[in-house]
Each structure stands twice: as C-alpha cells, then as structure tokens.
Amino acid sequence: MPRDQRTITAADILPLAHYEEIRADKKQEAILRKQLTRLPVGPHAMLTFEVWDSMWLQIQEMLRIEKGGAEQLADELAAYDPLVPKGRELTATLFFEIPDPDRRDAFLRSIGGIEDHIAIHVCGERIPARPEGDVSRTREHDNKASAVHFLHFDFTPSAIAAWRSGQDTGGGAAMLVIDHPHYGHAAVIDAEARGFLARECF
C-alpha cells in the first residue's frame, strides 16, 4: 500500500475474499486511529481528519457492501482518492448530527455557508477550509447547509513548520475554529494528534 505516493489506485485494493481475512484487524486499527483523528467541535459537529488508511478502508467497505466490481471501484476511487492528503494539506470530513429530524432541518437552514467559516489556527497562522472540488455544500435555493462536508486545509511551508513545532512540546496551540454567526465553536487539536497527522499527511 504506497502511502508515500499519497494516492490510492486499483492496484491497492484487495479482492473481497482477501479483504475479509484482514477486515477485523483493519476495523480495529480504524477504532484506534479515530482516537487521534476525531474532533468534536461544539455540540453538533464532529470533524474527522482523513489519511490514506481511512480512505482505503472506506473504499474496501463500499466494495464489500455493494459488490459492484470494477465499475464501482472506478467510482469509489474518484470519490475518495481526492481526500487522501497530498503532502501539503490536511483533509477532513465534517458531520453535523442532530437526532431529531425537525431540529436538524431547522439547524441546517440556519448555518448556510458554514463551509466558508471553518479554519485551522496554529501559531498565529490561519488555514481556511476549502470544500472538496471547490463545491459549496449549501443549497442555493433555500440556503440550507449539508449535514456532511468534505474539506481540505492547504498548508504553506511556514504553517507546516508551525504545526510540527508543537507536536512534542505542547507549544503553539492548534485549533479548529468554526466562526459562523449561528455556530461559533472551537476545539484544540492536541500534540499527539498533531504528531500523527504530521507523519501521515506532510
């Protein structure tokens, strides 16, 4: 699995029978990984930083569920490979969850354009979120935000250095900030998570 190539190809995907043999181990790895990559932001948002392994597992699971063969594989690669960090970025899935459907609908209608109000702050640098494919996840006709957002954070060399600077020392706090008028919350990204993501993504 060529993580160092920062892309997933058809050659990286296991036949379903082979995947079944290692699936339990890979699912356990994912549980442990999420301890470092999941970040609650306020009462309704959960952000998960993505890495090569998380996207590879997502593709394998989709193929296992739908069994669509080569045609499905092409679609899954097109959907998920772009979320593999390419060397100077972090990528993430942001999910807004409210169990009650009426409350959820009202909430999503109140946070239209939220994809333009998300950023990582580290050592005085601000790295704004960029929606995957530069596609807005807010509907134009009613300004309702999607419950799921796929995000890129494009780091400059100085921002990468700032990110790395606090991995072991705890210096230079890193935070995920949402500053939408109707949803303003922030969460600290701790040193252990920063170290893991630096190794996997930069």
Inset, instruction - State whether the residues of region 89-103 include one that is of a type in the set (D, E, K, R) and in contact with a strand residue (DSSP E or B) (Cβ under 8 Å, 6 or more places away or on another chain). - result: yes
Legend entry - Residues satisfying the stated conditions in region 126-145, i.e. polar (S, T, N, Q) and either crowded, with 18+ Cβ neighbours inside 10 Å or in a strand (DSSP E or B) (or both): T138
Inset, instruction - May I ask you to verify whether E192 is of a type in the set (D, E), outside any strand (DSSP E or B) and loosely packed, with under 15 Cβ neighbours inside 10 Å? - result: yes
Inset, instruction - Could you list all residues from region 1-12 that are in a loop (DSSP other than H, G, I, E, B), surrounded by 14 or more Cβ atoms within 10 Å (Cβ to Cβ) and at pLDDT below 95? - result: R6
Legend entry - Pair list, Cβ under 7 Å, 6 or more apart: region 90-108 residue farther than 30 Å from A161 by Cα, other residue among the charged types (D, E, K, R) and modelled with pLDDT of 95 or more: I98/R104; L108/K144
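The values are calculated or read from the model by the stated rules, or taken from the named source; none is laboratory data. Small disclaimer: the values here were computed from a predicted structure and weren't measured. Backbone-built Cβ (ideal geometry, glycine too); neighbour counts: all protein chains shown.
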